[in-house]
Structure formats: C-alpha cells, structure tokens
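Structure first, commentary second.
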Amino acid sequence: MKKQPARVGDLLGGFLERQGVKEQVERVAVLEEWAERVGPRIAAVTKARSVAEGTLFVEVKSSAWLMELNMMKGRILERLNEGRTEASIEKLVLVLSQDGP
C-alpha cells in the first residue's frame, strides 16, 4: 500500500514548531485577521500594527474611538482568540494614531 504524501501545511507546522517559532507565527496571523475578527465598524477606525510576546498593538484614528475601544478590550480579546487553542493574544495596547489608520 502506498503512503499518502504529506501536506505542505502539516510539514511547515512541524518545522515551525521544531524551530520554536510556531506560536509567534500564529500570533502574527492576527494582523491579517484583524478586520474580519473585529468587524467593519472597528476596522474602519483602527490598524493592527504589530504583535510582540502576546501583546497586540493597534492604532486608533481618534481619541473618542480610543476611549470606546478601551472599554471594549475584553470583548475584542475574546473575538481575537476565538477558536485558538495556542498562541492567544493576552494583551491589547491601543494607541492614538498620528496620521489616522
């Protein structure tokens, strides 16, 4: 019986895990998923900029939105981590954008 070829995604996941960077790669994926996870209303006034050690840094267009989103941090973190078993975002840092997102 012939052995089925391995999927590239499975091989890559194993490689990243052996290199000790799998969690960081999964965390960085949240940058691409930001708009989908928070919805169009929030995405229109924000820009996810970077992830470091489980902390996501997000620029916010106005001080009014900054205050609003600070009150929503718990719910936003829940959305970001939904369906993730590893590499969760533990902290959300919101900063006022100098240029707008």
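Odds and ends about this structure:
- Residue within the stretch 91-99 that is free of Cβ contacts under 8 Å to residues at least 12 places away in the same chain, surrounded by 15 or more Cβ atoms within 10 Å (Cβ to Cβ) and of a type in the set (A, V, I, L, M, F, W, C) present: no
- On the stretch given as the stretch 58-80, residues that are acidic (Asp, Glu) and farther than 17 Å from ALA44 by Cβ total 1.
- Qualifying positions in the stretch 78-88 - modelled with pLDDT of 90 or more and either surrounded by 12 or more Cβ atoms within 10 Å (Cβ to Cβ) or under 22 Å from MET67 (Cβ atoms) (or both): GLU78, ARG79, LEU80, ASN81
- Filtering the stretch 72-100 to residues that are not in a helix (DSSP H, G or I) and not hydrophobic (A, V, I, L, M, F, W, C) leaves GLU82, GLY83, ARG84, THR85, GLU86, SER88, GLU90, LYS91, SER97, GLN98, ASP99, GLY100.
- Members of the stretch 41-71 that are without any contact (Cβ under 8 Å) to a residue 12 or more places away in the chain, closer than 27 Å to THR85 by Cβ and outside any strand (DSSP E or B): ALA43, GLU53
- Lone qualifier among GLU53, GLU59 - being at pLDDT 95 or above and of a type in the set (Asp, Glu): GLU59
The values are calculated or read from the model by the stated rules, or taken from the named source; none is laboratory data. What you are looking at is a predicted structure, and each value in this text was computed from that prediction instead of being measured. Neighbour counts run over all protein chains shown; Cβ positions are idealised from the backbone, glycine included.
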